[in-house]
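Everything below concerns the one structure shown next.
The values are calculated or read from the model by the stated rules, or taken from the named source; none is laboratory data. Computed from a predicted structure; not experimentally measured. Note that we place each Cβ from the backbone using ideal geometry, even for glycine, and neighbour counts take in every protein chain shown.
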């Protein structure tokens, strides 16, 4: 009975994938014909099936960009970039969308080795660094086993040096994976969706206005209290805004 259930689940999965592929092509056709609202509707229907891909979010971002939907385009480009962090076209289009924003917020400069470390670790996703760690450790283990069963002194020397090299690579990729995971856990990014919102010094309407933010600005969520969310900007400023004025970038 279990085998039948698994087979049925697999068949439904294939059917769903085929349907989504057809819908994706339909959305692309709408986009090429300049029917951007229709393309958005089709792409969004694919997301409702819980299927995610960089291409899907990228095309959705492009459609919103064509309609001057600043927040929606940036939001979807950010999603696409998370799935393909080295894609130049996604980065380029995200830069175009960011150029449409009203707010020009400076980024606090990274100090010392942190700048280069962050740049290098951002080349791959956390999961990819973790996979590399497992692969390198597997090679290290295999080489070590062969080393113990090899009689030739010269071969043993080569195997020892090689296994030690892969052990070093394992430790490096492990540290990168751990560091990047801590970074992602510490951050909770969101995009401002309100056309304009007053950032308050405290989570209530009676408190003073700290500063003003506009649609498309990326912030980091620090905490939530009732209907209010405390945010932090890339320049270090903090304040409270209504929860409904932003949309958090949940990365699956």
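Which ones in region 125-169 are part of a helix (DSSP H, G or I) and closer than 28 Å to residue 81 by Cβ?
Answer for region 125-169, where residues must be part of a helix (DSSP H, G or I) and closer than 28 Å to residue 81 by Cβ: 126, 127, 128, 129, 130, 131, 132, 133, 134, 135, 136, 169.
If I filter region 92-124 down to residues being modelled with pLDDT of 90 or more and assigned to a helix (DSSP H, G or I), which single residue comes out as nearest to residue 181 (Cα to Cα)?
94
Step by step: first the residues of region 203-231, then only those that are touching a residue at least 40 places away in the same chain (Cβ under 8 Å) and in a loop (DSSP other than H, G, I, E, B), then the one that is farthest from the chain's Cα centre (by Cα). Which residue is that?
Step by step, filter region 203-231, then rank; the result is 215.
When you scan region 232-245, do you find a residue that is within 21 Å of residue 76 (Cβ to Cβ), modelled with pLDDT of 90 or more and part of a strand (DSSP E or B), even just one?
The answer is no; no qualifying residue exists.
I'd like to know if region 9-28 contains one or more residues that are in a helix (DSSP H, G or I), modelled with pLDDT of 85 or more and out of contact with any helix residue (DSSP H, G or I) (no Cβ under 9 Å at 6 or more places or on another chain).
Scanning region 9-28, I find at least one residue that is in a helix (DSSP H, G or I), modelled with pLDDT of 85 or more and out of contact with any helix residue (DSSP H, G or I) (no Cβ under 9 Å at 6 or more places or on another chain), so the answer is yes.
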